[in-house]
C-alpha cells in the first residue's frame, strides 16, 4: 500500500470528502471506478473534482456527511498493484544507490517537494545532498540504482 494523501475534511452534506495529496499520479488514481483505501476499507471512487488545493471525491455507497466523518484525518492509500503508472513512483526510489560516473554518491533517503519541484535527498555517511529530480541531473533510473549527472558545486567534492 502506498500513502497518497490525507482526508482532511468533508464538504457539503452529501458525503463528499476533501483530500490533500501531492501524489504524482493522483489524476490517474482519482478516476471513476478506481479504488482507494482509508482505515483499511476499500472504497470505490464515484466522482472527482479539484477545488483549490484539494481533490474532492464522492465514494460509492456513501451519500451522507455522517457516513464519511469516520474518515476525517485519516491517510488515504492505494494498492500499487491496481495501477500501471506511466513513470517511476517516488516510493520506489527510496533506498536506491546513486552513482555518478560509476562512483557511488550515496543512497536515496527520500524525495522532497520544494517550490513545486522534486528533490532527491541523497545520504552518504553523515551528509545529505539535494539533487533536483529533473532530466538534466537524473540520467537513468534502473531497478537497483540511479545514474546522475553531477555538476561542479552540487555536492561537496572534498
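Numbers below:
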item	result
Some residue of segment 148-156 being part of a strand (DSSP E or B) and either over 20 Å from the mean Cα position of the chain (by Cα) or in the same structural domain as residue 41 (by TED's automatic domain parsing) (or both)	yes
Scope segment 69-106; condition part of a loop (DSSP other than H, G, I, E, B) and either closer than 25 Å to residue 33 by Cα or touching a helix residue (DSSP H, G or I) at 6+ places or on another chain (Cβ under 7 Å) (or both); matching residues	72, 73, 74, 79, 83, 84, 85, 86, 87, 88, 89
Top-ranked residue of segment 15-34 - restricted to ones that are surrounded by 13 or more Cβ atoms within 10 Å (Cβ to Cβ) and more than 16 Å from the chain's Cα centre (by Cα), ranked as farthest from residue 78 (Cα to Cα)	15
Any hit, segment 107-120, residues being touching a residue at least 12 places away in the same chain (Cβ under 8 Å), assigned to a loop (DSSP other than H, G, I, E, B) and under 23 Å from residue 23 (Cβ atoms)	no
Pick from segment 121-141, criterion in a loop (DSSP other than H, G, I, E, B) and over 17 Å from the mean Cα position of the chain (by Cα), ranking: nearest to residue 152 (Cα to Cα)	137
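The values are calculated or read from the model by the stated rules, or taken from the named source; none is laboratory data. Quick caveat: nothing in here was measured; it's all calculated off a predicted structure. All Cβ positions, glycine included, derive from the backbone under ideal geometry; neighbour counts span all protein chains shown.
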